[in-house]
1. In Å and from the alpha-carbon atoms only, list the Rg and Dmax of chain A.
2. Who wins for biggest fluctuation among A:Ala90, A:Ala17, A:Ala63 in a Gaussian network model of chain A, springs between alpha carbons below 10 Å?
3. Give the Rg (one decimal place) followed by the Dmax (whole number) of the range B:1-70, computed from C-alpha coordinates and expressed in Å.
4. Under a Cβ-Cβ cut-off of 15 Å, what is the net charge of the residues other than A:Gln106 that fall near it, where Lys and Arg count +1 and Asp and Glu count -1?
5. Label B:Ser27 and A:Ser40 with points 7 Å out from Cα along Cα→Cβ: what is the distance between them in nm?
6. For a 24 Å ceiling on Cα separation, which of these pairs sit above it: A:Lys56/B:Lys44; A:Lys96/B:Lys11; A:Lys96/B:Lys15; A:Lys67/A:Lys96?
7. What is the distance, in nm, between label points placed 7 Å from the Cα along the Cα-to-Cβ direction at A:Ser26 and at A:Tyr51?
8. Can you give the FRET efficiency for B:Ser66 and B:Tyr10, using 1/(1 + (r/R0)^6), R0 = 22 Å, r = Cβ-Cβ distance, to the nearest 0.05?
Amino acid sequence: QKEVEQNSGPLSVPEGAIASLNCTYSDRGSQSFFWYRQYSGKSPELIMSIYSNGDKEDGRFTAQLNKASQYVSLLIRDSQPSDSATYLCAGGRYDKLIFGTGTRLQVFP
Amino acid sequence: EAGVAQSPRYKIIEKRQSVAFWCNPISGHATLYWYQQILGQGPKLLIQFQNNGVVDDSQLPKDRFSAERLKGVDSTLKIQPAKLEDSAVYLCASSRRDRADEKLFFGSGTQLSVL
C-alpha cells in the first residue's frame with residue numbers, strides 16, 4: 001500500500017516563528033508533491049508544488065524535497081494566526097495522487 | 001473564472017436511504033475527481049473521470065456507490081443504500097489535464113451525516 005504519512009499534530013508555534021511541517025512517502029516512483037491548506041470546514045487549496053530535489057520558495061512558504069530520503073517538508077516563516085489550518089501533503093505519479101492525513105497547525109499570538 | 005460548484009452543501013439521511021451529490025467542474029477542465037474525506041483524515045479518491053470516461057474507480061465501493069459524468073461536464077455521485085460509515089465530506093475536484101499530479105481545484109464539498 002503506497003502511503004503518504006504526516007504527524008497529525010497539533011503543531012503549536014508562536015506568532016512570528018517558523019513552522020516546520022514534515023511528510024514522508026513510500027512510493028519511490030512518486031514524482032510530484034503538493035502542499036494543500038485546509039481551513040476548518042473548508043475545502044483544500046493548493047499553496048505549494050514541488051517536483052525536483054531541493055528548495056522552492058514562494059513568499060513566506062518554502063517547500064523542500066529529498067527524494068533519496070523520501071520526505072517533503074513545508075516551512076512557514078513569520079507564522080501568523082491566519083496560518084492556523086490543517087496542511088495536507090500529497091504525492092504521486094501522473095496516474096495516482098495520494099493525500100496524507102494532514103498536520104494541524106496552531107499559531108498563537 | 002467560476003470555481004467548482006457542488007450541491008447540496010449539507011445532507012442528513014438515515015442509514016439505508018439513498019443520496020445523490022452533484023458537481024460542476026471549472027469550464028474546460030477535462031478531469032473530474034470525487035474524494036471522500038472522513039473527519040481527521042486526508043481526502044481519499046473514490047473515482048476519477050477523464051472527460052466522460054472512468055480512469056480510476058479502484059477505491060469506489062461499487063456495491064453501494066455509483067457515479068457518472070454525462071457529456072464530459074457535470075457529474076453525480078450516488079450512495080444507495082447509505083451506511084453509518086459513509087458519514088464524511090464528499091469533495092469534488094477538477095483539473096485541466098488528464099494527470100493525477102496536476103493542481104486540483106476543489107469545490108466546497110457536501111457534508112453527509114448518516115444517522
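1. Answer for chain A, Rg first and Dmax second: 13.2, 42 Å.
2. Answer for the Gaussian network model of chain A: A:Ala17.
3. 13.1, 38
4. Numbers: positive: A:Arg37, A:Arg104; negative: A:Glu15, A:Asp83.
Charge balance near A:Gln106 sits at 0.
5. 3.7 nm
6. Working: A:Lys56/B:Lys44 27 Å; A:Lys96/B:Lys11 29 Å; A:Lys96/B:Lys15 32 Å; A:Lys67/A:Lys96 17 Å.
Going by Cα-Cα distance, A:Lys56/B:Lys44; A:Lys96/B:Lys11; A:Lys96/B:Lys15 fall outside the 24 Å limit.
7. Distance between label points: 2.7 nm.
8. Approximately 0.55, to the nearest 0.05.
Values quoted throughout were computed directly from the atomic coordinates according to the rules given, and no laboratory measurement underlies them. Source: prediction; values computed, not measured. With ideal geometry, Cβ positions are generated from the backbone for all residues, glycine too; neighbour counts draw on all protein chains shown.
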